[in-house]
Amino acid sequence: LATEEVVDADGPPSVIAIDVGGTSIKGAVVGPGAELLANLRVATPDDSEHALVEAILSVGGELLHRAERNGSTPRAVGLSAAGVIDELRGCARCGANLRWDDTPLAARVHEGLGMPATLVQDARAAAHGEAIFGAGRGAVSFVSIILGTGVGSAVVIDGRPLRGSHGLAGEIGHLQVDRHGLECGCGGRGCVETLAAASALSRRYAAETGEALPAEGVLERVTRGDPVAIRIWSDATAALASAIAAVVAVVDCELVVLGGGMAAAGSLLLADLRRELSARVPPLAPAPRLAVAALGNAAGVFGAAAAALGLLGRGDLVDRWHTLSIAEVIAADPFGANGNIH
Ligand SMILES: [Zn+2]
């Protein structure tokens, strides 16, 4: 009986997915049905570009070895990386916490592991993971925002992250919301990131009170009625809401998925942001629903795996992932705090 299956002499491919973050490198071998065939997490070296690339190649090599031992042959590598990423050239240009130096990462990995590789910006990879398995599942259009050291974001339409002409679509972190505001690491002034990143809460609170607190500490002060903390928090949610309203106006998104350390503030973040948003979205656009990211650290790995399958022309396999249940993967959080660090 003839089927519409894509014929593949070696069977459907598995891929290697590697997510390079500021503190750890997470890697996995992912099978054609999204099976996690092996996974690995190591600390990110911070001493040199050479050490960083070597660590990525060593994670890839170890995963390849484990896959082959289990009778599987990965055929491509999907890389997700933090920093300023040029997806079109497969190049990691620079990073706040990573020693990128205009690093041609996709080419280095292709050469080192002997299979094609593709590089995706980490916020876009995580958004893709959330679209496939997480909080963004089923949404026609949503924006994913990661509030951490910076503000990373991406827009997903019909299950796929929007790339744009230069691979920068959906990045709201450096939209200016206050032209008289603080200088930003990007060279601009008053960017969303200078007010709404987790690091911005700590920095602003310390500047005003002389007290150094992590973002969670500032949020805890908000709940206790500290007027300085409340003002800083209100600036953060207002900046985010302004940027999200702009995204709503352009892509009519129905959902905002919030991830990163600050999403742990949960109900406080959702309630305050919801109020600020309803005052800002264009009159005919319903305010989007807000949700906390569901996949945690696994989102970037699955997004990278999907990119690798895309590189092999097997986006049809990824389309099928959208209907799978992977509750057990989410529950296990294989790359979370309890993951293996070697
Ligand atoms: Zn900026």
Inset, instruction - Could you grab me the full set of residues in segment 201-220 that are in contact with a Gly (Cβ under 9 Å, 6 or more places away or on another chain) and of a type in the set (Gly, Ala, Ser)? - result: Ser202, Ala215
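Table: residues versus (1) of a type in the set (S, T, N, Q); (2) surrounded by fewer than 21 Cβ atoms within 10 Å (Cβ to Cβ); (3) at pLDDT 95 or above.
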| site | (1), (2), (3) |
| --- | --- |
| Gly210 | no, yes, yes |
| Glu216 | no, yes, no |
| Ala246 | no, yes, no |
| Val251 | no, yes, no |
| Val256 | no, no, yes |
| Ala291 | no, yes, no |
| Ala294 | no, yes, no |
| Ala298 | no, no, no |
Inset, instruction - Check segment 163-183 and report whether any residue there is at positive phi and open to solvent by 10 Å² or more (accessible area, probe 1.4 Å). - result: yes
Legend entry - helices (runs of 4 or more DSSP H) contained in segment 234-323 and holding at least 1 residues closer than 30 Å to Met115 by Cβ: 298-311, 315-321
Inset, instruction - Give the number of residues within segment 202-216 that are more than 16 Å from the ligand (Cβ to nearest atom), in contact with a helix residue (DSSP H, G or I) (Cβ under 8 Å, 6 or more places away or on another chain) and under 20 Å from Gly150 (Cα atoms). - result: 7
Inset, instruction - Search segment 172-187 for residues that are under 19 Å from Ser144 (Cβ atoms) and pair each with any residue that is more than 8 Å from the ligand (Cβ to nearest atom) and assigned to a strand (DSSP E or B) when their beta-carbon atoms are under 8 Å apart and the residues are at least 6 apart or on different chains. - result: Ile172/Val143; Ile172/Ile145; Ile172/Val151; Ile172/Ser153; Gly173/Val151; Gly173/Gly152; Gly173/Ser153
Inset, instruction - Please indicate, with yes or no, whether at least one residue in segment 188-195 is buried (at least 18 other Cβ atoms within 10 Å of the Cβ), away from the ligand (no atom under 16 Å from the Cβ) and at pLDDT 95 or above. - result: no
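Table: residues versus (1) out of contact with any His (no Cβ under 9 Å at 6 or more places or on another chain); (2) of a type in the set (Gly, Ala, Ser).
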| position | (1), (2) |
| --- | --- |
| Trp100 | yes, no |
| Ala117 | no, yes |
| Ser141 | yes, yes |
| Ile145 | yes, no |
| Ser153 | yes, yes |
| Val156 | no, no |
| Arg160 | no, no |
| His166 | yes, no |
Legend entry - Residue count for segment 85-125, restricted to those that are farther than 20 Å from Ser144 by Cβ and of a type in the set (Gly, Ala, Ser): 7
Inset, instruction - Considering each of Phe142, Phe133 in turn, give the residue that is at pLDDT 95 or above, under 24 Å from Leu269 (Cβ atoms), surrounded by 24 or more Cβ atoms within 10 Å (Cβ to Cβ) and not hydroxyl-bearing (Ser, Thr, Tyr). - result: Phe142
Legend entry - Scan of segment 152-187 for residues that are within 9 Å of the ligand (Cβ to nearest atom) and not charged (D, E, K, R), ordered by number: Gly173, His174, Leu175, Gln176, Cys184, Gly185, Cys186, Gly187
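The values are calculated or read from the model by the stated rules, or taken from the named source; none is laboratory data. Computed from a predicted structure; not experimentally measured. With ideal geometry, Cβ positions are generated from the backbone for all residues, glycine too; neighbour counts draw on all protein chains shown. The area values use the complete protein model at the heavy-atom level, side chains included, leaving out ligands, DNA and RNA. Shrake-Rupley method; radii C 1.70, N 1.55, O 1.52, S 1.80 Å.
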